[in-house]
């Protein structure tokens, strides 16, 4: 049995009932097998894979808070500090009813390699709660965030662990969290990213993940003698990532015709009007079905199936495992030639393999959605230097980082005779840097 197979068996045995974590580890380790086999003696001696798949620390705690009716509510809170071999732990906080330890471990594990790819000195972590901000008043969200931070603040710091936002954690939540951290620690420091501009946030942070996704998509297309201009694009999700991926794709000449939320999807043959989407989702916080009420050329369909819309390029930007094998088959049949992930692990293993086997260019999320954490890293730099860069400066740095990520991914795939396999390339490039740092630092 190979070293990789041994570790995969141990992960499943030692972490029962954690399917998302199993999936993430399997996807990464299987693509790393060629690297691990070539360096097995060194990696075994140093226990690299055993340490790579085990979080350095998991903090779990209860979060009591009082709702508007005066009733006490209790949620679960977590922070998974996965690996800090190349920098302080860095990764988002997710507030969503589905949050559990398995999901946060998968996200933290992916974050280690994603942060490595950015070239910035950031380790990997993730956290969150099964609290649902939807339908809650601002006062209830504040009460929850203050209670959550009252425990979390003991475990984070600008040189220890720097959380950010994720699903359910936007500017409002980050503001409340930062205020409570400042109150309890008496420190004004860059311990959270995604902050408001007046108190240390970075311009272009809101746009970063969506813009970065399109920048690396553009690089992948150009490397394969294709272009974005004039192509038909389908985007899933309707949050920040989806909205700003649509905006940047349209700026580069693509036609985006569909997007969705958890209830259903809209199709607009004339091209999605992103300003209307922003008003619906960012201002009025309504469902995406409202778009069809405001735009005569749009059609709303309830339920899943957005992949049945014919497109050249598909950008899944919603949540994990949203694109399954049936969806992948529909995309291939519809003529899709490129998929780039805006969300974390939105494509199942079976769907990924089917797309690759059928010649679809496929860029995995740990590379293609690294724009958000990259600008978070730039926000940390601005905070440390007491500086504030312009939108154009940050956007230019983001574009440079995404181009560099594509080059690393492409080069790593080619070094191991897997040209065009960007899943393997991303995993290899991210892993090698982390493994070398772990070996250099000894057994810690």
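For region 259-282, indicate whether the set of residues that are in a loop (DSSP other than H, G, I, E, B), within 23 Å of residue 204 (Cα to Cα) and modelled with pLDDT under 95 is non-empty.
No, region 259-282 contains no residue that is in a loop (DSSP other than H, G, I, E, B), within 23 Å of residue 204 (Cα to Cα) and modelled with pLDDT under 95.
Checking residue 412 against (1) over 19 Å from the mean Cα position of the chain (by Cα); (2) surrounded by fewer than 23 Cβ atoms within 10 Å (Cβ to Cβ), which test does it fail?
Every condition holds for residue 412 apart from (2).
Regarding region 423-441, can at least one residue be identified that is crowded, with 23+ Cβ neighbours inside 10 Å and farther than 30 Å from residue 19 by Cβ?
For region 423-441, residues crowded, with 23+ Cβ neighbours inside 10 Å and farther than 30 Å from residue 19 by Cβ: absent.
Only one of 388, 381 is over 20 Å from the mean Cα position of the chain (by Cα) and assigned to a loop (DSSP other than H, G, I, E, B). Can you tell me which?
Result: 388 is the single residue among 388, 381 that is over 20 Å from the mean Cα position of the chain (by Cα) and assigned to a loop (DSSP other than H, G, I, E, B).
Among the numbered conditions (1) without any contact (Cβ under 8 Å) to a residue 60 or more places away in the chain; (2) buried (at least 24 other Cβ atoms within 10 Å of the Cβ); (3) in the same structural domain as residue 331 (by TED's automatic domain parsing); (4) outside any helix (DSSP H, G or I), tell me where residue 192 comes up short.
Against the list (1) without any contact (Cβ under 8 Å) to a residue 60 or more places away in the chain; (2) buried (at least 24 other Cβ atoms within 10 Å of the Cβ); (3) in the same structural domain as residue 331 (by TED's automatic domain parsing); (4) outside any helix (DSSP H, G or I), residue 192 comes up short only on (3).
Evaluate the following for residue 284: is it over 23 Å from the mean Cα position of the chain (by Cα), closer than 26 Å to residue 362 by Cβ and either assigned by TED's automatic domain parsing to the domain that holds residue 334 or crowded, with 24+ Cβ neighbours inside 10 Å (or both)?
no
Among the residues of region 13-32, write down those that are surrounded by fewer than 15 Cβ atoms within 10 Å (Cβ to Cβ) and either part of a loop (DSSP other than H, G, I, E, B) or touching a helix residue (DSSP H, G or I) at 6+ places or on another chain (Cβ under 8 Å) (or both).
16, 17, 19, listed by residue number.
For residue 132, which of the numbered conditions (1) under 21 Å from residue 345 (Cβ atoms); (2) in a loop (DSSP other than H, G, I, E, B) fails to hold?
(1)
Looking at 340, 330, 292, 298, which one is closer than 25 Å to residue 102 by Cα and buried (at least 16 other Cβ atoms within 10 Å of the Cβ)?
Result: 340 is the single residue among 340, 330, 292, 298 that is closer than 25 Å to residue 102 by Cα and buried (at least 16 other Cβ atoms within 10 Å of the Cβ).
Among (1) at pLDDT 95 or above; (2) within 25 Å of residue 25 (Cα to Cα), there is one condition residue 321 misses while meeting the rest; what is its number?
Among (1) at pLDDT 95 or above; (2) within 25 Å of residue 25 (Cα to Cα), residue 321 violates only (1).
The values are calculated or read from the model by the stated rules, or taken from the named source; none is laboratory data. It should be emphasised that the depicted structure is a prediction, and the values quoted were computed from it without experimental measurement. No Cβ is skipped: glycine too gets one built from the backbone with ideal geometry, and neighbour counts run over all protein chains shown.
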